[in-house]
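Asker: Let me begin by handing over the structure; questions about it come next.
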Amino acid sequence: MSDNGRTSTTETSAPRHGDAAPAGDRNRNPRDLGLLALIREDFRTHGNKPLEPGFAALLVHRLANARWDLRSKAARLPVTALCRLGYTWVDLVLGIEIPYSTQVGRRVRIWHHGGIVLGARAIGDDVQIRQNTTFGVLHMGDEGGVPIIGNRVELGAGACVAGPVTVGDDSVVGPNSLVIRDLPPKSVVMGVPARQATLKVEAQGNGGAAAKASASSQ
């Protein structure tokens, strides 16, 4: 987390692979809501439960980004110190790491906690993230090569998305899957490496709802 006295700006352009790696020196919160409204929305997204680990992680992330709207470095310093403490506590105690440079959209839900590292260039709106999910580089020599996660993406427990790849909107990444290639919108993938799959829903008798879902790789 840096605080080098540079003038604060708010992120205005859509994230793209190939751009310089984000430096964590500007407000990358969603621009269509104020800070308090954004925090309230995160709270509702996490079931109105103040002790939800995912809400705590996002709260620290939102505050750390919003501090860049304080133009004075002197005014930012105490907020920076508090955010560093909060970031360390969330990382060590809750097992959730969200770098300040990661652009996080609205209504992101982090289910459970533990082993979660979200080093993405951007995470879209309405994304569902479960425990042991990892976003990050494919190899140490490519620090800027991190994923972009689209809107309404669901990630199963243990999912890993590595490298400069894009997961398209409305995609589903199955548990313990490794994504190392771009996924078009509405993809359903699972496996290592992740492959396209088809969800099969079996209906119950007497007109009941679906009993279970299975998948077969294509």
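Read the figures in this text as sums done on the coordinates, not as results from a lab. None of these values were measured; they are calculated from a predicted model. Reconstructed Cβ throughout: ideal geometry from the backbone, glycine too, with neighbour counts over all protein chains shown.
Asker: As a footprinting exposure proxy, order 111, 68 by other Cβ within 10 Å, with the fewest listed first.
Answerer: Least crowded to most crowded, the residues run 111, 68.
Asker: Say each of residue 138 and residue 35 gets a label point 7 Å from the Cα, pointing the same way as Cα to Cβ; how far apart are those two points in nm?
Answerer: A separation of 3.8 nm, rounded to one decimal place.
Asker: With a point put 7 Å past each Cα toward its Cβ, work out how far residue 176 is from residue 75 in nm, to one decimal.
Answerer: 5.1 nm
Asker: So which trypsin sites (Lys or Arg not before Pro) in segment 17-78 pass both tests, a DSSP loop state and at most 15 other Cβ atoms within 10 Å of the Cβ?
Answerer: Counting only loop positions with at most 15 other Cβ atoms within 10 Å, the trypsin sites (Lys or Arg not before Pro) in segment 17-78 are 31, 71.
Asker: I need to check one value: relative contact order of segment 35-217, counting alpha carbon pairs closer than 8 Å and at least 6 residues apart, in percent.
Answerer: Dividing the mean separation by the residue count of segment 35-217 yields 11 percent.
Asker: Something else: Short version: what are the Cα gyration tensor semi-axes of segment 92-142, square root of 5 times each eigenvalue, largest first, in whole Å?
Answerer: Working through the eigenvalues yields semi-axes of 17, 15, 9 Å.
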